[in-house]
Structures are given as structure tokens and as C-alpha cells.
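Trainee: Can you keep this structure in mind? I'll have questions shortly.
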Amino acid sequence: MAALSLEIVAKAADIPEADWQRCAGTANPTVSHRFFAAMEESGSAVAGTGWKPQHLVARTADGTIAGILPAYLKSHSNGEYVFDYSWADAFERAGGDYYPKLQTCVPFTPVPGPRLLLAEPKAGPLLLAAAASAVENSGISSAHATFIAPEQVTLFEDAGWLIRTDQQFHWQNRGYAGFQDFLDTLASRKRKAIRKERAEALASGLDIRCLSGDDLRPEHWDAMWRFYQHTGARKWGSPYLTRDAFTRLAETMADQTLLVLAFRDEEPIAGALNLIGEDTLYGRYWGSTEHYPFLHFEVCYYQAIEWAIRHGLSRVEAGAQGEHKLARGYEPTPTYSAHWIGHPALRRAVADFLDRERRAVAAGIEYLGQFTPFRRGPLGGGETEGDHD
């Protein structure tokens with residue numbers, strides 16, 4: 001392959017969608033051109049909010065885009081879900097400036113996926129070298145790539161980046177014919193608990209609807225915005241996304257969006273926004289304006305499982321955090337990030353920390369794996385043949 005050239009592009013919209021998609025593929029909607037454009041053009045991920053787009057683009061001699069490393073110059077660490085606040089604090093206490101830093105991620109989105117968008121595999125090392133060079137030569141403390149698809153971790157590791165692990169809880173479709181088929185794989189008391197939760201969530205006569213594509217109307221998006229605002233104000237004070245971000249998702253990604261809405265007398269009172277991939281349903285935002293027991297579990301988890309089974313998807317990823325997902329069939333799954341640290345002393349300290357953290361995360365995943373709700377023993381779970389409902 002001929003030598004590649006590099007450039008920095010100031011926003012995703014300046015890259016033709018066809019070129020971006022040729023590099024990103026179609027499996028994961030969070031790395032699509034439309035999702036990045038929605039985040040940036042809506043004013044959510046822009047310089048004014050501490051997210052200055054600095055997308056690295058590799059081109060062939062004839063100008064064809066061979067690869068993209070979506071990146072942002074960050075003046076803080078908010079909206080990333082892989083926490084480096086302690087690194088920043090330590091470095092600044094020692095007299096350094098941790099910010100700005102270069103962040104490769106999908107803004108505000110803890111969804112694993114490709115971080116190197118590659119039409120030509122050889123563009124990968126060049127893009128990673130360019131990010132490292134920016135740290136060494138441009139007054140940037142560090143470069144980070146978060147929620148890397150497992151198959152891309154070795155690309156970062158081979159380029160000398162430090163690898164960090166964490167965990168999420170993902171649901172796996174093991175060829176279930178329906179939700180009852182899934183329940184049949186669970187231990188008896190877990191099965192009964194889920195049935196009880198679902199019954200109580202709907203005991204007040206709520207109507208749960210799964211809406212996508214042309215079924216989504218403006219009032220549904222208005223409701224989801226209210227729910228998002230309510231959750232954001234309650235949990236982290238200032239929601240990351242603007243109202244226009246939801247409008248742009250409605251205009252450009254309705255067919256890749258699933259809203260699960262709970263209605264009381266035709267009034268939406270709770271909802272969850274999911275993105276639909278080729279093989280995975282990605283849970284993103286949840287909120288409610290009224291409280292009902294177990295409604296969160298029903299709208300976010302059980303409805304997502306049912307929808308994934310019905311549509312033949314292999315996995316549901318329900319976002320960051322949440323050991324409460326374990327009892328509901330979501331299993332501990334490792335996630336990965338990569339970090340290029342410029343200052344030698346900080347790099348050594350971080351490398352030592354990550355070595356210890358990786359062992360702790362691995363032990364935690366192994367420990368939590370003992371508490372999945374699935375039956376063990378002769379029938380594939382913790383029960384014997386006599387342990388049934």
C-alpha cells in the first residue's frame with residue numbers, strides 16, 4: 001500500500017458519510033457517522049462543552065480515506081465512564097497539567113466498539129502513532145481510547161499503549177425461542193423473582209410499548225427528552241445531551257432506535273432509549289416522571305431481552321455499572337480501554353496501578369460469575385431435576 005497522509009478534521013460532518021461508513025461498517029450504530037454528527041451538530045460534543053473534535057484521518061495518495069480515529073481534545077473527564085480523575089489529581093498535585101488530553105471515544109456513550117475505524121488495516125498503526133505524537137509534541141498530557149472492541153485491544157497494546165480493564169453486564173441470547181425459554185434456564189427462585197417483578201411493574205395497569213422507525217412520533221421523543229432530563233438532574237446535575245441531539249437522532253436514526261415507553265392512560269410516564277445494531281441492542285438512556293415498583297427493570301431489562309429474542313439479536317448491552325443486572329440474567333463482561341501517558345513518571349505510576357487493577361477486575365468478574373441466576377448442575381445451572389416451579 002502506498003504511503004498514507006494524515007490530517008485533523010474539525011467535525012464529523014466534514015467527512016463524507018459514505019467514506020466514514022466505509023471505515024466504520026454497519027454493525028454498531030454508536031460509531032456511525034450519523035451518531036457522531038448528532039452529538040456534534042447538536043452542540044453536545046463541541047469545544048464549548050469541553051469536547052473539541054480532533055478527528056484523525058488517514059488518506060491514500062489519491063485522497064481516499066483509509067482510516068479514522070475519532071478523537072476529542074478534552075478539558076475535563078466528564079462523560080467518559082472510564083474514570084481517570086485520580087490520575088489527573090495526582091499529576092496536577094505534582095505540578096503538571098493533565099488537561100487538555102486527547103480522548104478517543106463515542107461521546108457520552110459507554111458502549112464497546114471499534115475505536116479505529118479502518119478501511120485499510122495498515123492505517124491503524126499510523127493513526128495510533130499520530131495520537132501518541134500529539135502527546136509528545138503538542139503539549140497534551142495523554143491520549144485515551146475507551147470502550148475498545150475486544151478485537152482491537154491488541155492494536156493498541158502492540159503500539160505501546162497501556163491497557164485498562166473494567167466490566168459491564170451484558171445479556172447473551174443462547175438461542176432462546178422466547179422469554180419463557182430464557183426463564184427456564186434460571187434457578188427456580190430467580191425465575192420466580194423475575195415473574196414477580198414483572199407482575200408488580202404492570203399491576204397498576206401500565207401499558208408498555210416498544211416503538212421504532214415510523215412508529216416513533218414527535219410526542220414520543222418529547223417524552224424521552226423529559227425522562228432524560230429528569231434522570232440527568234437527579235444523578236449528575238447537568239445532562240450532557242441537548243434537546244437538539246434527540247431531534248437529530250429522530251431525523252437520522254429512527255430506524256436504529258428503539259424506545260420502550262410506559263404509558264398510563266395514554267400518557268408516557270417512563271421510557272428507555274436503545275440503539276439497534278446488527279446483532280446487539282444497546283441500552284442508552286432511561287428516565288421516569290412517576291415511580292412504580294420494578295418499572296425500571298421492566299422497561300430497561302426485561303423488555304430489551306424480549307425484543308432481542310424476538311428479533312434474533314445475540315446480545316443486549318445495558319450500559320455502565322449496575323450489579324443489580326446480575327440477578328436479571330446480565331452477566332459480567334470485561335471492557336477495555338487504552339492509554340498513552342506522556343510523562344515518564346506518571347506513565348510508570350499508571351502502569352503499576354493498571355497491573356494491579358486488572359488482577360482485581362479479573363478476580364471480580366470470576367467472583368460475580370458465581371452469582372448469575374442460571375441453573376447449575378445436570379440441567380446447566382445450580383439446580384437438580386427436582387428444583388422447578
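Trainee: Specify the angular offset, from 0 to 90 degrees and rounded to the nearest 10, of the alpha carbon long axis of helix 243-252 from the longest principal axis of the alpha carbons in the chain.
Mentor: Roughly 80 degrees between the two axes.
Trainee: I would also like to ask the following. Distances over 22 Å make up what percent of all Cα-Cα pairs in segment 214-301?
Mentor: Values: 849 of 3828 pairs.
More than 22 Å apart: 22 percent of the Cα pairs in segment 214-301.
Trainee: Can you compute the FRET efficiency between residue 172 and residue 76 using 1/(1 + (r/R0)^6), with r the Cβ-Cβ distance and R0 = 30 Å? Round to the nearest 0.05. Could you put the intermediate results ahead of the total?
Mentor: On the way: r = 35 Å, r/R0 = 1.16.
Efficiency, from the Cβ-Cβ distance: 0.30.
Trainee: Further question: My understanding is that a pair violates if its Cα-Cα distance is over 22 Å; which of 74/325; 192/325; 52/122; 190/325; 11/74 do that in this structure? Spell out each step's value before the answer.
Mentor: Details: 74/325 31 Å; 192/325 16 Å; 52/122 27 Å; 190/325 12 Å; 11/74 14 Å.
Result: 74/325; 52/122 exceed 22 Å.
Trainee: Ranked from highest to lowest mean number of other Cβ atoms within 10 Å per residue, what is the order of the peptides 246-258, 89-101?
Mentor: Working: 246-258: 18.8, 89-101: 14.9.
The peptides rank, most packed first, as 246-258, 89-101.
Trainee: Can I ask one more? Once the dipole of the chain is set up with Lys and Arg at +1 and Asp and Glu at -1 on Cβ about the Cα centre, which of 95, 70, 21 lies farthest towards its positive end?
Mentor: Result: 95.
Trainee: Accessible area of segment 113-178 with a 1.4 Å probe: how many percent of it is carbon plus sulfur? Please list the in-between numbers first.
Mentor: Numbers: 1310 of 2530 Å².
That share works out to 52 percent.
Trainee: Could you rank 225, 161 by how accessible they are, 1.4 Å probe, largest area first?
Mentor: Values: 225 50, 161 10 Å².
Order by accessible area, largest first: 225, 161.
Trainee: Quick one: which of 329-340, 346-357 comes out on top by average Cβ neighbours within 10 Å, and what's the full order, highest first? Present the calculation step by step, with values, prior to reporting the outcome.
Mentor: Values: 329-340: 21.7, 346-357: 14.3.
Per-residue mean Cβ counts within 10 Å order the peptides as 329-340, 346-357.
Trainee: Applying a 10 Å radius around every beta-carbon, put 134-143, 208-217 in order of their mean neighbour count, most first. Display every interim value, and only then the final one.
Mentor: Details: 134-143: 17.3, 208-217: 14.6.
Order by mean packing, descending: 134-143, 208-217.
Trainee: Normalised by the residues of the chain, what does the relative contact order come to in percent, with Cα pairs under 8 Å and at least six apart?
Mentor: Working: 741 pairs, mean separation 78.3, N = 389.
This gives 20 percent for the chain.
Trainee: Still on this structure, I have one more. When every alpha-carbon pair in segment 124-281 is counted, what percent end up more than 19 Å apart? Write down the numbers at each step before the final one.
Mentor: Working: 8964 of 12403 pairs.
Result: 72 percent of Cα pairs exceed 19 Å.
Trainee: Ok, one more. Once neighbouring chains are kept in place and the probe is 1.4 Å, which whole percent of the accessible area of segment 231-364 is contributed by carbon and sulfur?
Mentor: Values: 2780 of 5520 Å².
Carbon plus sulfur share of accessible area: 50 percent.
Trainee: A follow-up question, please. PRE reach from residue 27 (point 7 Å along Cα→Cβ): which of segment 60-76 fall under 20 Å by backbone N?
Mentor: So the set is 66-70.
Trainee: Over segment 32-142, what relative contact order in percent results from Cα pairs under 8 Å that are six or more residues apart? Walk me through the numbers before you get to the answer.
Mentor: Working: 151 pairs, mean separation 29.1, N = 111.
About 26 percent, as a whole number.
Trainee: Something else about it: Can you give the translational diffusion coefficient of segment 84-183 in µm²/s, computed by Stokes-Einstein from the Kirkwood radius over Cα pairs at 25 °C and 0.890 mPa s? Kindly include the intermediate steps, with their values, before the conclusion.
Mentor: On the way: Rh = 16.1 Å.
It comes out at roughly 152 µm²/s.
Trainee: Wrap a convex hull around the Cα atoms of segment 261-321, take a quarter of its surface area, and give that in square nanometres.
Mentor: Spelled out: convex hull of the Cα atoms, projected over all directions, averaged, 4.5 nm².
Trainee: Taking the Cα atoms of the chain, what is the range of coordinates along each of the three principal axes, in descending order and whole Å?
Mentor: 64, 47, 45
Trainee: What number comes out for accessible area per residue over segment 129-221 if the probe is 1.4 Å? Units Å², please.
Mentor: The answer is 45 Å² per residue.
Trainee: Considering the Cα trace of segment 127-184, what is its radius of gyration and what is Dmax, both in angstroms?
Mentor: For segment 127-184, the Cα-based Rg and Dmax read 18.8, 58 Å.
The values are calculated or read from the model by the stated rules, or taken from the named source; none is laboratory data. Keep in mind it's a predicted model, so treat the numbers as computed, not measured. All Cβ positions, even for glycine, are placed from backbone atoms using ideal geometry, and neighbour counts span all protein chains on display. The area values use the complete protein model at the heavy-atom level, side chains included, leaving out ligands, DNA and RNA. Shrake-Rupley method; radii C 1.70, N 1.55, O 1.52, S 1.80 Å.
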